[in-house]
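First comes the structure, then the notes that go with it.
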Amino acid sequence: MTATRKNSPVLDWLHAKALEIFGADLRSLALFRVILALLVLADLVNRATDLRQHYTDAGVLPRTVLIQDVLSPWSFSLNLMNGQLFFQVLLFAAAALAALGMLVGYRTRLCTIVLWVLLLSIQWRNPLVGGSDGPLLRLLLFWGMFLPLGAYWSVDRAKGAVARLSVRFLSVATFGLFLQIALVYWFTALLKSGPEWRVDGTAIYYALSIDQIATPIGHYLLNYPDLLKMLTFATFGLEAFGPLLLFCPFFTGPVRTGAVLAFMSLHFGIWLTMDIGIFPWISAFSMVCFLPPWFWQKGSTLRSALLGRVGIARGLEGAAARLSEAGAGSPFWTRLSAGAGTAQLSFAGLSLQDHRLVSRTVGEISLSSRPIPKTASRGEPPDNRRDSQLGRSGEPERLRSSLATNLFALFFVLYILCWNLSTVSAFTMPERAVPMGPFLGLDQYWAMFAPSPSKEDGWYVIPGNLRGGQQVDLMSVTRDDYNLYKVSWEKPQDVTDTYKNEHWRKYLENIWQEKHADQRLYFGQYMCREWNARHSGSEQLRTFQITYMLEETLPDNRQANPQKVVLWEHSCF
């Protein structure tokens, strides 16, 4: 058998195809970095509104309880070093600084690593307040540590810490990031095994019937069952087969861009209809890492065309100004010739100025009007075409990951794949490999509305008895409101407004579940401390109940009578 030479056309084609399918555009990675940093900052700000309530020993989950009853023994959290508010503020501030450094691309890799460690620590300090947004955010940061996120549009680039680079980058880590995002959709589709998703098409109907998360738009869509059935099958189909389009080997640029827009549209629709925190934003905007060079090339062409139109418009404005300066009493031909001359000069000067401005702004992307040599490949980005005119010595350097980085990334690719397989099959992770999941935050379970959306809904009523004999509703305490409200068992007009934010909703959802029933005691102790610290005398809290008004979701918008379920009875003295 004749061995294929290293520089054979077959190997060159395979490498080019692998670069096209599994490679990332450095501009897309830079945009991914900026968006990821902004999302982390938004998450930190949201969490900080309940910093004392959720992350200190004075809150709903003291460290001793967390370690004994909730946290995996292999989980790592710097926040467990101290339970005081001041220490938690320092860690949150440090995480915010690291996010800002990542945002501007200053020592990008170091900031990404620090941010990943701090965010993982914050998430493990209280797992009861997090949803699917937490795991997704930390996993994106994890893969970001292996990638050159600061190669474009960064302080590192401006300072010369990064050399002049080709926009295309291929490594095991780019494949790992792409695969991680695809696994979210593939495994949530596998876990959605109920007939509501695959047979009846009623899954979205039941999801939007959960008053705790449904927005007014979501409630309105319940009037259109046929539309909801179509959206159910479309959602399931996109999750199951949509990721394949992200790795399409043919017409990769336009197909991948279309798939990115489709997934973004899906999550925009979720945001419109469900109030589930920042999960839709994380899922939607993380897709920018898939944007291919084709997208940026078309964007540059469109921007160039738009700026050309601006130059024409400005030229016409200059011509109009000259006409007005010529005066209404001047001869018609004089005004016309003056206007024509002005328009010509203005168009030429402004369009050239705009052209140079755009060329300086986009940096590596050349908008030169010089003809492109026939040797340039059709799918090559504009900067690489320009470099091909300068000769091989002038070509930009192509970034390459080290062998050690690729080996580490390959190991973690296999690890997350095995972990996900264990969630849908009889396959089990090797016992010695399991601790690495919670320790590095790689454990994941994408059971969003799986196997079917819950058919149980409801709202909380927490009637409290004061020393003076008055009865008040203590649900307002979770919203930092300590006024005296009368107890009402009627369903609130907007159930989502009864929760301060998504983190409180997730916490109360968790203590409703039997596996976290022991947390009701510590929630009760927290309620007593908070209320009695702000009231005295006859307004001191004596006893209260944690009551859940359970409401079953029936088909065809039929209403069920709610049932009163007492979860916990607590005495403050």
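Structure values in brief
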item	result
Filter result (surrounded by fewer than 17 Cβ atoms within 10 Å (Cβ to Cβ), more than 16 Å from ARG520 (Cα to Cα) and not basic (Lys, Arg)) within the stretch 542-573	LEU550, GLU552, LEU554, PRO555, ASP556, ASN557, GLN559, ALA560, ASN561, GLN563, PHE573
Checklist (1) touching a helix residue (DSSP H, G or I) at 6+ places or on another chain (Cβ under 8 Å); (2) surrounded by fewer than 18 Cβ atoms within 10 Å (Cβ to Cβ); (3) of a type in the set (Gly, Ala, Ser) applied to ALA259, failing item	(2)
Check on LEU272, out of contact with any helix residue (DSSP H, G or I) (no Cβ under 8 Å at 6 or more places or on another chain) and of a type in the set (A, V, I, L, M)	no
Test: residue in the stretch 166-179 that is at pLDDT below 95 and on the phi > 0 side of the Ramachandran plot	no
Residue match in the stretch 513-522 (condition: buried (at least 20 other Cβ atoms within 10 Å of the Cβ), modelled with pLDDT of 95 or more and of a type in the set (Phe, Trp, Tyr))	no
So ILE210, is it among the β-branched types (Val, Ile, Thr), in a loop (DSSP other than H, G, I, E, B) and surrounded by 19 or more Cβ atoms within 10 Å (Cβ to Cβ)	yes
Sole residue being surrounded by 20 or more Cβ atoms within 10 Å (Cβ to Cβ) and modelled with pLDDT under 95, chosen from GLY277, GLY308, GLY299	GLY277
Unmet criterion (only one of (1) more than 28 Å from LEU137 (Cα to Cα); (2) crowded, with 18+ Cβ neighbours inside 10 Å) for HIS219	(2)
In the stretch 213-233, the residues that are β-branched (Val, Ile, Thr) and part of a helix (DSSP H, G or I)	ILE217, THR232
Check on ASP43, touching a strand residue (DSSP E or B) at 6+ places or on another chain (Cβ under 8 Å) and closer than 29 Å to LEU149 by Cβ	no
Some residue of the stretch 12-21 being within 17 Å of TRP124 (Cβ to Cβ) and without any contact (Cβ under 8 Å) to a residue 12 or more places away in the chain	no
Exclusive hit being in contact with a Gly (Cβ under 8 Å, 6 or more places away or on another chain), of a type in the set (Ser, Thr, Tyr) and within 30 Å of LEU61 (Cβ to Cβ), set THR174, THR112	THR112
Residue match in the stretch 166-174 (condition: in a strand (DSSP E or B), crowded, with 19+ Cβ neighbours inside 10 Å and in contact (Cβ under 8 Å) with a residue 60 or more places away in the chain)	yes
Selected residue [on the phi < 0 side of the Ramachandran plot, surrounded by fewer than 21 Cβ atoms within 10 Å (Cβ to Cβ), of a type in the set (S, T, N, Q) and modelled with pLDDT of 95 or more] from SER132, SER121	SER121
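Here's the yes/no breakdown for (1) farther than 25 Å from SER75 by Cα; (2) without any contact (Cβ under 8 Å) to a residue 12 or more places away in the chain:
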position: ARG398; (1), (2): yes, no
position: SER402; (1), (2): yes, yes
position: ARG432; (1), (2): no, yes
position: GLN444; (1), (2): no, no
position: PHE449; (1), (2): yes, no
position: ASP457; (1), (2): yes, no
position: ASP473; (1), (2): yes, no
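The values are calculated or read from the model by the stated rules, or taken from the named source; none is laboratory data. None of these values were measured; they are calculated from a predicted model. Quick reminder, even Gly has a Cβ in these numbers, built from the backbone with ideal geometry, and neighbours come from all protein chains shown.
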